[in-house]
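Colleague: Dropping a structure here in structure tokens format, bear with me for questions.
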Amino acid sequence: MDFDFSPLPGLLLPWYEKNRRDLPWRRDREPYHVWLSEIMLQQTRVEAVKGYYSRFLAALPTVEALAAADEALCHKLWEGLGYYSRVRNLQKAAKVIVEQHGGVFPADYDAIRALPGVGDYTAGAIGSISFGLPTPAVDGNVLRVASRLALDETPIDTPAVKKALTNALAAIYPAGRCGDFTQALMELGATVCLPNGAPQCDHCPLSGLCRAHGARRELDVPVRTAKKPRRQETMTVFLLESDRGLAICKRPGRGLLAGLWEFPHVPGKLEAAQALEAAEELGVRPTELQQVVERRHIFTHVEWDMRGYYLRCEAGGDFTWATREALAGVYALPTAFRQFLPPEKVSWF
């Protein structure tokens with residue numbers, strides 16, 4: 001980007017000191033805490049992460065505890081956050097830290113970057129916030145701020161743009177304030193230079209430098225490459241209730257929602273008679289059709305259009321039968337399927 005970023009530390013750091021949000025993961029610079037928060041915050045809103053962050057650390061307070069934890073517990077602590085590969089990689093990385101670094105989080109950027117599930121952004125955030133390294137954390141927020149400052153219409157989701165901005169920012173990182181500068185850039189993009197709707201330019205400490213603001217073209221940038229449409233899939237989901245609980249089964253160890261629990265389902269949206277036949281083929285004997293509902297769930301690249309059949313049946317088939325209590329405290333059920341569960345004060349059906 002053709003822009004002089006050198007004034008940013010002098011303008012952003014005083015603004016950050018006065019306007020920073022009080023977030024749980026900002027109360028110390030412990031690398032395990034910074035790492036966990038950055039992984040949780042990927043594609044997830046701050047308000048949604050707060051509770052998960054506190055619960056996760058209460059259950060697994062150290063890297064060693066995470067490395068030694070049962071995978072099912074990790075999944076349960078992550079239940080509802082989505083993108084479950086994040087927590088699987090967290091545990092893989094924790095094991096690397098314990099086995100290769102003696103349980104001490106590595107302080108070198110390349111060693112941090114080599115951990116499973118850690119990309120350039122996360123390594124930059126940990127390096128600067130926890131260890132004071134001049135390692136930028138360039139994500140969508142920072143790219144949006146930079147593209148508006150420079151009024152640059154190059155698509156921001158290209159590796160070349162991210163690399164160029166990373167190099168430009170690394171050259172201006174203030175010694176002794178690297179972590180604060182990283183977080184100031186994050187904070188500006190999250191609270192002022194907003195992604196949806198008009199940015200709050202009147203509250204921006206960089207508005208005097210911003211070419212997009214000067215040209216009244218704030219909403220023209222950033223530019224992104226057009227996304228491919230999501231793949232559409234339909235399925236019929238079975239809520240099979242017996243005296244032993246609800247039927248659940250485990251997903252394969254690879255692919256979407258790998259290793260998590262789900263309700264049994266088949267491709268396509270079946271009519272009632274077809275659904276009863278399909279349930280029998282699953283090895284249960286339906287005795288009553290209670291309810292039919294329609295649900296939808298959107299992933300990054302695929303959208304599920306689902307029809308759910310609530311069936312009272314006799315236990316059978318190759319299923320685990322889970323009580324409400326077990327579903328609440330033991331089995332990690334992703335949101336795509338958890339949305340079929342009735343509220344706690346309502347009976348199963």
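Colleague: Scanning the range 47-59 for residues that are surrounded by 13 or more Cβ atoms within 10 Å (Cβ to Cβ) and among the small types (G, A, S), which turns out modelled with the highest pLDDT?
Modeller: A59
Colleague: Ok, one more. Mind listing just one residue for me: the one in the range 129-162 that is hydroxyl-bearing (S, T, Y) and not in a helix (DSSP H, G or I) and, of those, surrounded by the most Cβ atoms within 10 Å (Cβ to Cβ)?
Modeller: Looking at residues that are hydroxyl-bearing (S, T, Y) and not in a helix (DSSP H, G or I), I get T135.
Colleague: Give the residues of the range 107-128 that are assigned to a loop (DSSP other than H, G, I, E, B) and not β-branched (V, I, T), sorted by residue number.
Modeller: A107, D108, A114, L115, P116, G117, G119
Colleague: Please enumerate the residues belonging to the range 46-83 that are touching a residue at least 60 places away in the same chain (Cβ under 8 Å) and either in contact with a helix residue (DSSP H, G or I) (Cβ under 6 Å, 6 or more places away or on another chain) or of a type in the set (A, V, I, L, M) (or both).
Modeller: V46, A72, W78, G80, listed by residue number.
Colleague: Got at least one residue in the range 139-150 being free of Cβ contacts under 8 Å to residues at least 40 places away in the same chain and over 30 Å from K269 (Cα atoms)?
Modeller: No, the range 139-150 contains no residue that is free of Cβ contacts under 8 Å to residues at least 40 places away in the same chain and over 30 Å from K269 (Cα atoms).
Colleague: Turning to a different aspect of this structure: Would you mention how many residues in the range 188-210 are touching a Lys or Arg at 6+ places or on another chain (Cβ under 8 Å) and part of a helix (DSSP H, G or I)?
Modeller: The number of residues fulfilling the criteria is 2.
Colleague: Pull out all pairs, ordered by first then second residue, where Cβ-Cβ is under 7 Å, the residues are six or more apart or on different chains, the first lies in the range 89-102 and is within 24 Å of Q42 (Cα to Cα), and the second is surrounded by 15 or more Cβ atoms within 10 Å (Cβ to Cβ) and modelled with pLDDT under 95.
Modeller: Pairs that qualify, where the first residue is within 24 Å of Q42 (Cα to Cα) and the partner is surrounded by 15 or more Cβ atoms within 10 Å (Cβ to Cβ) and modelled with pLDDT under 95: there are none.
Colleague: Taking into account only those residues within the range 124-136 that are in contact (Cβ under 8 Å) with a residue 60 or more places away in the chain and in contact with a helix residue (DSSP H, G or I) (Cβ under 6 Å, 6 or more places away or on another chain), which is nearest to H213 (Cα to Cα)?
Modeller: Within the range 124-136, the match that is nearest to H213 (Cα to Cα) is A125.
Colleague: Look at the range 185-212 and say how many of its residues are more than 28 Å from E47 (Cα to Cα) and open to solvent by 40 Å² or more (accessible area, probe 1.4 Å).
Modeller: Of the residues in the range 185-212, 3 are more than 28 Å from E47 (Cα to Cα) and open to solvent by 40 Å² or more (accessible area, probe 1.4 Å).
Colleague: Listed residues T44, T62; which is open to solvent by less than 30 Å² (accessible area, probe 1.4 Å), of a type in the set (V, I, T) and at negative phi?
Modeller: When all the criteria are applied, what remains is T44.
Colleague: Also, I was wondering about something else. Please verify whether G179 is more than 27 Å from Y310 (Cβ to Cβ) and either part of a loop (DSSP other than H, G, I, E, B) or in contact with an Asp or Glu (Cβ under 9 Å, 6 or more places away or on another chain) (or both), treating the condition exactly as stated.
Modeller: The answer is no for G179.
Colleague: Now for a different question. Regarding the range 79-98, can at least one residue be identified that is open to solvent by 70 Å² or more (accessible area, probe 1.4 Å) and assigned to a helix (DSSP H, G or I)?
Modeller: Looking for residues that are open to solvent by 70 Å² or more (accessible area, probe 1.4 Å) and assigned to a helix (DSSP H, G or I), one finds at least one in the range 79-98, hence yes.
Colleague: Output the number of residues of the range 85-117 satisfying the condition of being touching a Pro at 6+ places or on another chain (Cβ under 7 Å) and closer than 17 Å to L256 by Cα.
Modeller: Looking only at that region, the number is 1.
Colleague: Being in contact (Cβ under 8 Å) with a residue 24 or more places away in the chain and charged (D, E, K, R) is the filter here, so list the residues in the range 306-338 that pass it.
Modeller: Listed by number, the residues that qualify are R307, R312, E314, D318, R324, R338.
Colleague: Are there any pairs with C-beta distances below 7 angstrom linking a residue in the range 107-123 that is on the phi < 0 side of the Ramachandran plot and open to solvent by less than 30 Å² (accessible area, probe 1.4 Å) to a residue that is modelled with pLDDT of 95 or more and among the small types (G, A, S), with the two at least 6 apart or on different chains, and if so which?
Modeller: As it stands, the answer is I112/A123; I112/G127; L115/A93; V118/A93, since those pairs meet every condition given.
Colleague: Now, a different point. Given the conditions (1) open to solvent by less than 50 Å² (accessible area, probe 1.4 Å); (2) out of contact with any Ser or Thr (no Cβ under 7 Å at 6 or more places or on another chain), and given that K228 satisfies all but one, which numbered condition is not satisfied?
Modeller: Evaluating K228 over (1) open to solvent by less than 50 Å² (accessible area, probe 1.4 Å); (2) out of contact with any Ser or Thr (no Cβ under 7 Å at 6 or more places or on another chain) leaves (1) as the failure.
Colleague: Is it fair to say L185 is out of contact with any Asp or Glu (no Cβ under 7 Å at 6 or more places or on another chain), under 20 Å from P31 (Cβ atoms) and outside any helix (DSSP H, G or I)?
Modeller: no
The values are calculated or read from the model by the stated rules, or taken from the named source; none is laboratory data. Quick caveat: nothing in here was measured; it's all calculated off a predicted structure. Every residue, glycine among them, receives a Cβ derived from its backbone with ideal geometry; neighbour counts consider all protein chains shown. Areas reflect the complete protein model, heavy atoms only, side chains present, ligands, DNA and RNA absent. Shrake-Rupley method; radii C 1.70, N 1.55, O 1.52, S 1.80 Å.
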